[in-house]
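Data block below; observations after.
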């Protein structure tokens with residue numbers, strides 16, 4: 001069993017592919033639910049292949065639908081990969097539920113209308129006639145001649161002779177002759193070379209070890225939600241599941257919520273042991289004898 005959801009945001013829908021495994025005695029399978037008013041006449045037969053029956057249905061996004069599989073027009077079965085389970089109007093019977101998340105459709109952006117800028121008005125400043133004539137007159141007027149100031153007659157006063165004392169010029173001392181160092185007397189300067197520090201070798205990179213996980217959904221009766229519960233508790237491989245006690249598995253289901261209490265893990269360790277040892281044919285034979293993972 002599997003449910004594959006392909007969202008189409010542009011249309012606001014989700015194309016859901018339902019599949020049901022082939023089994024001995026099962027000749028026809030239909031999926032009935034809220035999306036076809038539980039009407040078998042409105043639900044086409046699912047296409048049969050070598051391993052499964054399948055069909056694709058377009059469902060509106062943002063809604064929740066209840067559904068079940070109708071086998072040979074007489075027997076009902078749930079999907080163990082459903083998102084959750086709810087009680088039906090019939091006592092002791094639950095319906096499978098699929099949740100289609102809402103999608104945001106992309107809105108087309110409209111281009112804003114271009115705003116044409118109004119042409120700037122050129123302001124022409126006209127000079128008034130009197131002002132223009134005044135400017136013209138200032139440009140053509142010749143500069144006036146400056147009046148010369150009257151010459152004042154200075155009185156001649158006999159000046160006393162001034163005897164200047166000459167200060168003897170200071171004699172600069174002769175520069176001391178430079179002493180040149182000869183090769184014989186110069187001390188050789190030896191540069192001490194500091195040895196280059198060796199860079200420490202880079203530490204080897206740690207190689208991450210990936211934990212190998214098995215697909216627990218191959219065990220009849222385990223869906224994706226139950227598989228998540230087991231992985232969270234450290235049960236990630238068929239070998240882990242084969243060694244787990246039925247009581248431990250039941251406790252994990254009970255802790256997961258009321259929707260998981262309907263499942264019976266009695267055969268799961270046995271199935272897991274066959275899967276862990278690669279005995280797929282024996283596992284298939286066992287699963288054909290089970291009904292929803294339970295002994296018939």
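Only the coordinates and a few stated rules stand behind these numbers; no lab work does. Note that the coordinates shown come from a computational prediction; the quantities given were computed from them, not determined experimentally. No Cβ is skipped: glycine too gets one built from the backbone with ideal geometry, and neighbour counts run over all protein chains shown.
Some points to look at:
- The range 215-250 residues near the modelled residue 261 label - backbone nitrogen below 15 Å, point 7 Å along Cα→Cβ: 250
- Taking label positions 7 Å along the Cα-Cβ direction at both residue 87 and residue 101, the computed distance is 3.1 nm, reported to one decimal.
- Rg and Dmax of the range 216-295, based on Cα coordinates, read 11.6, 34 Å.
- When 11, 217 are arranged by Cβ crowding within 10 Å, least crowded first, meaning fewest neighbours, the order is 11, 217.
- When the alpha carbon coordinates of the range 14-97 are projected onto the principal axes, the ranges are 33, 31, 25 Å, largest first.
- One decimal place: the segment residue 24-residue 213 gains 65.0 nm when fully extended, by the rule 0.36 nm per residue minus the C-alpha distance.
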